[in-house]
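Below is one structure, written out as structure tokens; the observations come after it.
Derivation of every value follows stated rules applied to the coordinates shown; laboratory data play no part. Just so it is clear, the model here is predicted, and its values are computed rather than measured. Please note: Cβ atoms are built from the backbone with ideal geometry, for glycine as well, and neighbour counts cover all protein chains shown.
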Amino acid sequence: MQPSRDRWIDTTRGTMMLLVVFVHSLGFVATDGHDVPHWFTVLDKGTDFFRMPVLVALAGALVPRALRKRTGVFITGKLRAVVWPYAVWATLTMTAILGYRGVGAVVGAVLLPGPYLWFSWALIIGFASVLVLRDHQRWILPAAAVFLAASAVVPLAEASWAVFNVAFFLLGWWLMEHRASVPEHVRPWLLGVCVTAAGVVTVVGALEIAETRHAVPWSWGGVSVLVVLFLYAPSRRIPRVAAPLEWVGRNSMVFYSSHALIAFLLTRAADRIGTPSLLTQHPLLTGIGTFAVTVTLCAICVRARRFRFIELAYTWPAPRRRNGGEHGRRRAVAA
């Protein structure tokens with residue numbers, strides 16, 4: 001009997017999620033004008049071109065499994081597990097960061113892709129595209145190319161990032177469907193080309209030779225990372241020590257939805273502790289501490305989802321059956 005999930009997907013997604021949380025935690029410190037070590041800038045810039053594309057592509061990789069469901073179940077599932085938590089956390093995060101500016105401002109923050117949560121818009125557009133392309137899968141790659149090109153002309157930065165990553169969502173779907181068709185004798189050559197390409201873009205980003213984040217001219221770096229990942233990760237044994245990463249990956253929507261607000265509030269609190277500021281004296285320590293506490297609190301949120309009011313922050317409840325049972329109540333993942 002085949003396992004219900006691909007462990008390599010959850011493990012990779014957990015790794016990318018913790019990397020994103022780490023970068024954002026120290027990023028809040030840097031945004032406040034405090035110095036961070038040069039190695040952090042190198043890490044941030046060197047991984048910028050593939051962090052989010054990999055996360056979005058792994059969501060696309062789960063599309064073949066999701067398409068086994070009836071269309072109505074597919075749509076309601078995404079409304080409950082993707083659209084609803086986006087609306088909740090966009091409201092909370094943008095109100096905390098920008099301050100409450102009236103109902104109109106809150107609605108605007110939800111309707112327009114904002115910092116950090118634009119990722120959910122990429123998923124929403126990606127899953128909407130699935131409904132159009134499910135019966136026309138030969139158009140998946142052309143559609144991905146259209147989204148990639150369109151991202152270069154979308155004016156709002158966060159909207160452009162979302163559209164850019166829809167291309168990788170579709171690419172993840174396509175790779176999941178076609179990875180087995182790549183001949184064995186071609187794979188070593190493809191591995192060499194893609195590792196070299198990804199290495200070049202890593203160096204370009206790390207040395208700040210060019211901006212590689214969500215940049216169409218450098219998108220081949222992210223594509224190369226995905227080709228290597230999809231061709232080789234599924235055949236690798238996942239060690240038992242990677243179980244925590246796999247767990248984070250299974251609950252990635254909780255971590256992504258919650259982490260920005262938690263990290264923001266923690267760094268603001270640290271900025272007000274002591275004279276002189278804790279951030280000014282120990283910015284790296286503050287950033288690492290923020291990362292550790294953020295991950296811990298996100299993990300607590302996952303465990304606390306058995307309480308209905310906590311669960312409501314991440315999933316709209318499934319409709320109850322007339323006999324009083326719940327219909328298909330499942331913990332939401334960012335599939």
>> Given Cβ point charges of +1 (Lys, Arg) and -1 (Asp, Glu) and nothing else, what value in debye, to the nearest 20, does the dipole of the stretch 185-309 about its Cα centre take?
In response: 740
> Using unit Cβ charges (K, R positive; D, E negative) and no other charged atoms, how large, in debye to the nearest 20, is the dipole of the stretch 149-251 about its Cα centre?
Replying inline: 420
> If we count every other residue with Cβ under 12 angstrom of Glu177's Cβ, Lys/Arg +1 and Asp/Glu -1, where does the sum land?
Replying inline: +4
